Amino acid sequence: MTTGLPRTRIKDALASSCEYIHLCVKGWVRTVRRGKEVAFIALNDGSCFASIQIVLESAMDGFDVASRLGTGACIEVEGALVPSPASGQRWEIKAQQVRILGDADEDYPLQKKRHTLEYLRSIAHLRPRSNTFGAVFRMRSALSFAVHRFFQERGFLYVHTPIITANDCEGAGEMFRVTTLDPVKPPLAGGRVDWSQDFFGEKAGLTVSGQLQGELFATAFADIYTFGPTFRAENSHTSRHAAEFWMIEPEMAFTDLAGDCALAEDFLRYLVTYALEHCGEDLAFFDERVEKGLLAKLEALAKARFERMSYTEAVERLQQSGQGFEFPVQWGCDLQSEHERYLTEQVVGGPVFVTDYPAAIKAFYMRLNDDGRTVAAMDLLVPRVGEIIGGSQREDRLDVLLQRMAAFHIDPESLPWYLDIRRWGSCPHAGFGLGFERFLMYVTGMENIRDVIPFPRTPGHAKF
């Protein structure tokens, strides 16, 4: 029978200040070491990186069964928390009773202590039980909370923007289609699919960004943010792309580009500081096993001065560097990762905002500067990664926005509501986007986006 004691999380047991207390822990067996008179089980319940050692003595009822448990078995242990004579651990539990909740046989895939990340991706349903992914997903949970805490402390309204939409915010046409039409024999009109007969009466897809709807809410609540899933039907197999990922997108009324940069700096610094203060055990693991120097990198960013330079200045600095880049640098071309890293690592030696990009290479909704050539856009670049945040002041002038839409061949009739918020009560406003997985890669040192999202969705992979 299950013990009447409430379950104590292993994290709390290890942090206890009292010895010889009677408690109950539950978790999954990591390792078992057996002797004739005693056995040692490393038990982990996911509440922290460390496992707690369970000591089983031969006099205990059920010792023969419990001492032969396999890795991966789920057990309940009742016993006393006692000082541990072993190095590296303060407490262990002297078991009085062990109950098997779910056994595991020799086919359990996580028998070895170390597995390749590629192999662990193939068993995404079990990889959270590994040390690496336990640390990753605790970090993801902690920083998700930190995101909300940052904005809530500043009075921002949290908005759930739609997942299904008829608007392609980025204009790249990489949306997943949402339809109830027969894929084999869809209704036709004039030789084309008649979308008016679809569920929504028009083409609809999964959102690529909540920004446009966020702008609408900013004109009613001033400061808002979104934090939700977004989707890109981009047939990319790189380590930085996934078909489903999470975006954080604040939008602020009465704010210009300078204010946008200031919030982005505060936000990034806040998240990194939060990780350093609340996720030390997991960060130590990443620093030791994943990216040497990770802690020093994060500590430096938390204290760094965030520089600013215009795109024009950045191009000039790159051209004058004498560096042989794979992609040539010239005004009017987008900066590549190698250019961004050179600016942060060699020119500035820290994070830098690059602002005022050529209008032709940025989105239609970015505010046109007085020079008529550039827009009030910004990218925040950090060492070893390059761009981590992108944003802009939005075009709040109806006539200029219509001109920009025409230049990008966007039909005004496709976004009447977006234009309405420029007609009635328009105001300066700005915002930015931070890809949550990209940030998690930076703060953990993990090199593949598939390894910082619980169930990655990539071309050809939607199994789990």
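Using Cβ counts within 10 Å as a stand-in for footprinting exposure, how do ILE100, ILE421, ILE410 rank, fewest first?
Taking fewest neighbouring Cβ atoms as first place, the list is ILE100, ILE410, ILE421.
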Could you give the nm distance between label points at VAL400 and ASP334, where each point is 7 Å from its Cα heading toward the beta carbon? 2.3 nm
Scan around PHE325 for amide H atoms under 5 Å from its own, H built in the peptide plane at 1.01 Å from N, and keep only partners 5 or more places away or cross-chain. none
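Can you give the direction-averaged projected area of the convex hull of the alpha-carbon atoms in region 10-102, in nm²? Please report the intermediate quantities before stating the final value.
Details: hull surface 21.6 nm².
That works out to 5.4 nm².
Using a cut-off of 12 Å between beta-carbons, work out the net charge of the residues near ARG289 (Lys and Arg +1, Asp and Glu -1, ARG289 not included).
On the way: positive: LYS113, ARG114, LYS292; negative: ASP282, ASP287, GLU288, GLU291.
Taking every other residue near ARG289 into account, the sum is -1.
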Rounded, prolate or oblate: which fits region 75-122, taking a ≥ b ≥ c as square roots of the Cα gyration tensor eigenvalues, rounded meaning a/c under 1.5, else prolate when a/b beats b/c? oblate
Greater than 32 Å apart at Cα, pairs in LYS26/LYS297; LYS26/LYS463; LYS11/LYS112; LYS203/LYS463: LYS26/LYS297
Which trypsin sites (Lys or Arg not before Pro) does region 245-354 hold that lie in a coil by DSSP with at most 11 other beta carbons within 10 Å? ARG305
Search the structure for amide H atoms under 5 Å from the amide H of TRP246, placed 1.01 Å from N in the peptide plane, and list their residues when 5 or more places away or on another chain. THR230, PHE436, GLU437
Counting helices only, and only those DSSP H runs with n ≥ 4, report the 222 nm mean residue ellipticity of the chain as the sum of -39,500 (n - 2.57) divided by its residues, in deg cm²/dmol to the nearest 500. -8500 deg cm²/dmol
Based only on other Cβ atoms within 10 Å, what is the fewest-to-most ordering of LEU188, LEU23? LEU188, LEU23
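With a sphere of radius 14 Å drawn around the Cβ of PRO83, what net charge do the other residues whose Cβ falls strictly inside it have (Lys, Arg +1; Asp, Glu -1)?
Details: positive: ARG90, LYS94; negative: GLU19, GLU92.
Every neighbour counted, the sum reads 0.
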Run through the DSSP bridge list for region 1-149 and note the antiparallel percent, rounded to the nearest 5. 90 percent
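Over the chain, what is the percentage of antiparallel beta bridges among all DSSP beta bridges, to the nearest 5?
Here the share of antiparallel DSSP bridges comes out near 85 percent.
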Collect residues whose amide H, placed 1.01 Å from N in the peptide plane, falls under 5 Å from the amide H of ALA222; neighbours closer than 5 in sequence don't count. ALA253
The ratio Rg/Rh over the Cα atoms of the chain, Rh being the Kirkwood inverse mean 1/r radius, stands at 1.06
Rounded to whole Hz and in sequence order, give me ³J(HN,Hα) for region 352-367 from the Karplus expression 6.51 cos²θ - 1.76 cosθ + 1.60, θ = phi - 60°, writing x for Gly and Pro. 8, 8, 9, 10, 6, 7, x, 4, 5, 9, 10, 5, 5, 8, 7, 5
Taking loop as defined by DSSP and a crowding limit of 10 other beta carbons within 10 Å, which GluC sites (Glu not before Pro) in region 260-346 fit? GLU326
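Where a number appears in this text, it was derived from the coordinates with a stated rule and is not lab data. Everything numeric in this text was worked out from a predicted model, so none of it was measured. Note: ideal-geometry Cβ built from the backbone for every residue, glycine included; neighbour counts use all protein chains shown.
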